[in-house]
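A.B. asks: The structure under discussion is supplied below as structure tokens; questions concerning it will follow.
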Amino acid sequence: MAWLISSLRFRLIAFVLLAVVPAFGVILYGTARYRALMAGHVQGKALDTARLIGAEQERYFENAHQFLVTLARLPQVRERSGPACDRLLAGLLEPLYVDLAVFNLNGGQVCGALPRSKALVRPEAALLSAVTRTHDFSIGRIRPLPSAEKAVVDLGYPVVESPGVVRGAVVVALDFSWVARITAHSRLSPGASFTLIDDQGTVLLRHPDGAAWVGKKAFMDSSNRFAVLGGLEGAVQAIAADGVERLFAFSRLKTRFEGQTIYAAIDVPASLAFAEADRIAAYSLAALALLTAVTVLAAWFGADLLVLRRIRDLVSATRQVAAGTLTARTSLPYGRSELGSLARAFDELAETLERRDREARASVAQIEVQRLRQRVLHDLNLALMSTLDLASVLNTLLAKIAALFPCCVTTVSWIDRRTGRLEDMAYRSDAGDDAGFAETGIERGLPEVVVRAGAPVAVRDAQLDPRTTHPEFFRRYRLVSYLGLPMISQGEALGVLSLYTNRPHEFQADEVDFLMDVGTQAAMAIQNSRLYEQTRRQAEELEKSNKTKDEFLGVMSHELRTPLNIIMNYAEALRIGMFGGLGPEQTRGMEKIRSQAAQLLALINGILEITKIETGSVAVHREAVDLNKFLAELRSDYMMPSEKRLSLEWRHPDDLPALMTDRAKLKHIVTNLINNAIKFTEQGSVVVSASVLARTGELELRVADTGPGIPEELIPVVFDKFRQLDSTTTRSHSGAGLGLYIVKTFVELLGGTIRVESRLGEGSIFIVRLPLGVPSNRPGVPEYRADCAGQA
């Protein structure tokens, strides 16, 4: 079965059928379009009919209105004389008006055309109320009369005794069924029906077959009611109450029946509307099916006669070629047909395959050589990239080339960046006489030609070439041919790889390309080795320079502190009068000397701390620190500058726990933050607070000020070394920008964190969090020691 499906005959038939499918689609599409046009035409015609019937019924209502107006003015009605009124009304009965009656305002009948036991008038209170309220013509609801299979509607008009005084109402029962039959017979097309439907979709009247529809919903799907019955008119195709698909057209009556909206509807069965379209579609499909059957039979027998026999001949020749008989050919005449062209193409293909087979056999050896070269190139690349030692790279390169290529001498020359000249870097001789190169020298003329050309240079007989500058080199080692290859890295020629042979040799293009790849890899490896050596030397020099700098800063900072301490001591002695009294001017000058010396000493101490941090010699000595005593000592050390309107506040509970930390570094952290806040705050307050966070069990220290604040873009770099918020030469605050860097470093050494919150014009808050730790009472507890390298 599978072979039949995949056969050419089956595919040809499938193609025919596939070509027919669009025709079926066109017929079905045309039928659908024709049905849609028919539906639109029928619905449009029905809608026009519904409008006309609605207008006709409106005319009946208007006639009834005029009839009631005349009747209400008759003396018998106005005087409500019983027998005379009854006779009058009885004489006015006709097929349209099935009953007439006069009622008082309480709903009691005064007189009527029919005996009261047979009266058909049943005016509701709403109708009488509307007549009395409006003093005008009013319409009641449509009422079915089951006994008579009729539907009537009560129409009322007021009986006025004097202007503005209503004494009763004259009411007529209009036979709506008769009106429907009269209008429908004159307007309906064959097969159509007329229906009155209220705004809830309930059938009030239908002609013909009214008995089976009245009181039921017009649609089986109630959602269709909202598709049409929400406007003045419309059309819809839906399943009706009898289960038959119909085309409905609606037109709303202008007259409202006690506030109820009524629609006149014309419907036609869909099967009747689409009968002509379905008949045409059936005829078209039958004709197409017959034509398809004839075409399939023709394709079935014609494919074998005209196509398959020739294809079998091609298949036979193809199988012979596939079996290895490349001399097989087809027996078909070529001609200009497609199969003839295919036969010619096949024979040409067989000839080409026969020729390519010979060429392929000749290429196998060359491919094997290329494969070996690629493997060697890969091994060479691994060997060169496995080390950065320049001597190892050069030895590996020369050894691999000697094993790969039949040459007697191989040299590597490198361009000196300072002089631009080629310098011999490495050389190798198969004879093992490498030491003789130093005596005789190596050929330089041909490698320089390679550098100038920027491309490989091949010479069959270098001894006779005029570009050779050192013939003695060739004669001593009996060298004949030369190949020079530029060693290129990143598009720049860095050196020359030279190969010398002791026999005449024609260098082929594939050999040159392969050796160029070798030279390029060697250039990158040599360049990497030289860069590595250069970087290593620079790193050693930089490390030596940094060490010298750190030692210099440490010595200078230490040596500068001694004379500064002496200056500060003598300044303090002069200030307190140990050498005699001083005047106000001398006192201010002495205070200036003392404060500037203190600032210089703080700067030197900062540099000394930075030097210790950079050299990794900062030690952490942990001990139990009583935070209450610690803060009390700090508080006693501070006096606010007299020239500032500034207060220093301390806020912390009295039961702070002990902290296991380095006391000196903790004091440096807090005093530095307080001094910073005082320095940058001209007025207001500096608040120092401490508390223990219940959630994390950490000590939180806060230093808040009311200073100018820190710009948002500078907050991320405020703890950087040598960072000043105001870096201009005219800044009002001195300092080298080391304090916050040292603070952050000490906080991290103590295992804590520091951050800053600030707003311009409102002040800044520095927040430090430190772990409390557990004080140890055991002797011999080892001291914790840290350095900067350990904290990085």
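A.B. asks: Please list 125-131, 516-522, 327-333, 13-19 highest first by mean number of surrounding beta-carbon atoms within 10 Å per residue. Could the numbers behind the result be given before it?
C.D. replies: Numbers: 125-131: 18.7, 516-522: 20.6, 327-333: 14.7, 13-19: 13.1.
Sorting 125-131, 516-522, 327-333, 13-19 by mean packing, highest first, produces 516-522, 125-131, 327-333, 13-19.
A.B. asks: Roughly what would the spin-label model give for Arg87 and Ala55, points 7 Å off Cα along C-beta, in nm?
C.D. replies: Those two pseudo-labels are separated by 4.4 nm.
A.B. asks: If each residue of separation counts as 0.36 nm, what is the full-extension length gain between Ser117 and Lys254 once their alpha-carbon separation is subtracted?
C.D. replies: 45.9 nm
A.B. asks: Heavy-atom accessible area of Phe67 with all protein chains present, probe 1.4 Å, nearest 10 Å²?
C.D. replies: The accessible area of Phe67 comes to roughly 40 Å².
A.B. asks: Follow-up question, since we're still on this one. How much accessible area per residue does region 446-513 have, in Å², with a 1.4 Å probe? Please list the in-between numbers first.
C.D. replies: Working: 3390 Å² over 68 residues.
Each residue of region 446-513 exposes 50 Å² on average to a 1.4 Å probe.
A.B. asks: Right, next: At a Förster distance of 60 Å, what's the computed FRET efficiency of Thr261 paired with Glu682, Cβ-Cβ distance as r, to 0.05?
C.D. replies: Values: r = 85 Å, r/R0 = 1.41.
Calculated value: 0.10.
A.B. asks: Evaluate E = 1/(1 + (r/R0)^6) for Arg356 and Thr520, where r is the Cβ-Cβ distance and R0 equals 51 Å; express this FRET efficiency to the nearest 0.05.
C.D. replies: Working: r = 34 Å, r/R0 = 0.66.
My answer for the efficiency is 0.90.
A.B. asks: Where in region 235-304 are there GluC sites (Glu not before Pro) that are in a DSSP coil and have at most 16 other Cβ atoms within 10 angstrom of their Cβ?
C.D. replies: Numbers: sites: Glu245, Glu258, Glu276; in loops: Glu258.
Loop-located and lightly packed - Glu258.
A.B. asks: Now for a different question. I'd like to check one number: the per residue accessible area of region 314-372, probe 1.4 Å, reported in Å² as a whole number. Provide the component values of the computation, followed by the final result.
C.D. replies: Working: 4230 Å² over 59 residues.
Computed with neighbouring chains in place, this is 72 Å² per residue.
A.B. asks: Run the simple label-point estimate for Ser341 and Glu591 please: 7 Å along Cα→C-beta, distance reported in nm.
C.D. replies: Those two pseudo-labels are separated by 11.2 nm.
The values are calculated or read from the model by the stated rules, or taken from the named source; none is laboratory data. The structure displayed is predicted, hence computed values, not measured ones. Neighbour counts run over all protein chains shown; Cβ positions are idealised from the backbone, glycine included. Each accessible area value is taken on the protein alone, full model and side chains, heavy atoms only, with ligands, DNA and RNA left out. Shrake-Rupley method; radii C 1.70, N 1.55, O 1.52, S 1.80 Å.
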